[in-house]
Amino acid sequence: MAVHAIIPRIRESFPSFDITLVDRDLEPAATGWGIPLAWSGEPSELPSTFAEVLGRSLDLLHQGEVADTFVICGAVVRPDHKGRGVAEQLLRALCQVATDHDLARVVAPVRPTRKETYPLLAIEDYVALRRSDGLPWDPWLRLHVRMGATIAGVAPRAQTMTGTVAQWREWTGLEFPTSGDYLIPKGMAPLHIDRALDLGTYAEPNVWVRHRWRGRPTSPPLTQG
């Protein structure tokens, strides 16, 4: 099932897993959300696509099974609050959601923010890029690791988007005269065009991280609304 078809049911089913952080003026500064899941703790048994994450969570709910894992699905900081440590506060608040719901594990399918700089590099090789201090080169992955998270695995085709050649021309502003792979604006991987099928397929990778979370954060300058 497509992600856009599942999302409304997810948001209706798990409203208590949504959070918003507000600033001192009580204006929204960041938002995040996630869902419960049952997971063995084995990296090989993590979902391979975002749609599978959502589907497994709904199945868990409908079958009345017990969840033990919180999956951080989204984390967005208001642009004028970026660079102020709000992203870390948001991740800590999301980890606290797991504690509040008695979920022992916290994982996240991270979309590395600078993968678009190296669209031809396999996600496994991109994840292996390190700075001189040993931390991940990608800033979003680096923040998770600095907070104590570990990289649990990769999902090379976490989210797949398809469309006709005409649709991809409209979405990207590019021409696709022949079948083959094309680099597209902001793309983390090449777009594959099949002229015979009139089909363009773009598969975006994610990186699974696992957080080691203990306790409640102390006195954040932003508060949960």
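The values are calculated or read from the model by the stated rules, or taken from the named source; none is laboratory data. Model, not experiment: these values are computed from the prediction. Please note: Cβ atoms are built from the backbone with ideal geometry, for glycine as well, and neighbour counts cover all protein chains shown.
Observations, loosely collected:
- Odd one out for Leu174, checked against (1) under 24 Å from the mean Cα position of the chain (by Cα); (2) surrounded by 12 or more Cβ atoms within 10 Å (Cβ to Cβ); (3) at pLDDT 95 or above: (1)
- In region 130-153, residue nearest to the chain's Cα centre (by Cα) [restricted to those that are under 22 Å from Ser44 (Cα atoms) and assigned to a loop (DSSP other than H, G, I, E, B)]: Ala149
- Boolean, Pro47 is under 22 Å from Thr113 (Cβ atoms), in contact (Cβ under 8 Å) with a residue 60 or more places away in the chain and over 19 Å from the mean Cα position of the chain (by Cα): no
- The set of residues in region 154-168 that are polar (S, T, N, Q) and either under 16 Å from the mean Cα position of the chain (by Cα) or within 15 Å of Pro119 (Cα to Cα) (or both) comprises Gln159, Thr160.
- Inclusion of Arg142 among residues that are surrounded by 16 or more Cβ atoms within 10 Å (Cβ to Cβ) and free of Cβ contacts under 8 Å to residues at least 12 places away in the same chain is warranted.
- Here Ala149 clears all of (1) surrounded by fewer than 19 Cβ atoms within 10 Å (Cβ to Cβ); (2) touching a residue at least 40 places away in the same chain (Cβ under 8 Å); (3) of a type outside the set (Val, Ile, Thr) except the condition numbered (1).
- Qualifying residues in region 24-58 (those that are under 21 Å from His81 (Cα atoms) and either touching a Lys or Arg at 6+ places or on another chain (Cβ under 6 Å) or β-branched (Val, Ile, Thr) (or both)) - the one surrounded by the most Cβ atoms within 10 Å (Cβ to Cβ): Ala29
- Residue check, Leu21 modelled with pLDDT of 90 or more, in a helix (DSSP H, G or I) and either in contact with a Phe, Trp or Tyr (Cβ under 8 Å, 6 or more places away or on another chain) or surrounded by 16 or more Cβ atoms within 10 Å (Cβ to Cβ) (or both): no
- Among the conditions (1) more than 18 Å from Cys95 (Cβ to Cβ); (2) surrounded by 12 or more Cβ atoms within 10 Å (Cβ to Cβ), His62 misses just one, which is (2).
- Some residue of region 11-32 being closer than 25 Å to Tyr202 by Cα and in contact (Cβ under 8 Å) with a residue 24 or more places away in the chain: no
- In the set (1) assigned to a helix (DSSP H, G or I); (2) buried (at least 17 other Cβ atoms within 10 Å of the Cβ), the condition left unmet by Asp125 is number (2).
- Of the residues making up region 60-80, those that are more than 20 Å from the chain's Cα centre (by Cα), part of a helix (DSSP H, G or I) and either closer than 19 Å to Asp25 by Cα or not aliphatic (A, V, I, L, M) (or both) are His62, Gln63, Asp80.
- Filtered residue count, region 140-164, keeping only those that are farther than 24 Å from Ala51 by Cα and either among the hydrophobic types (A, V, I, L, M, F, W, C) or in contact with a His (Cβ under 6 Å, 6 or more places away or on another chain) (or both): 3
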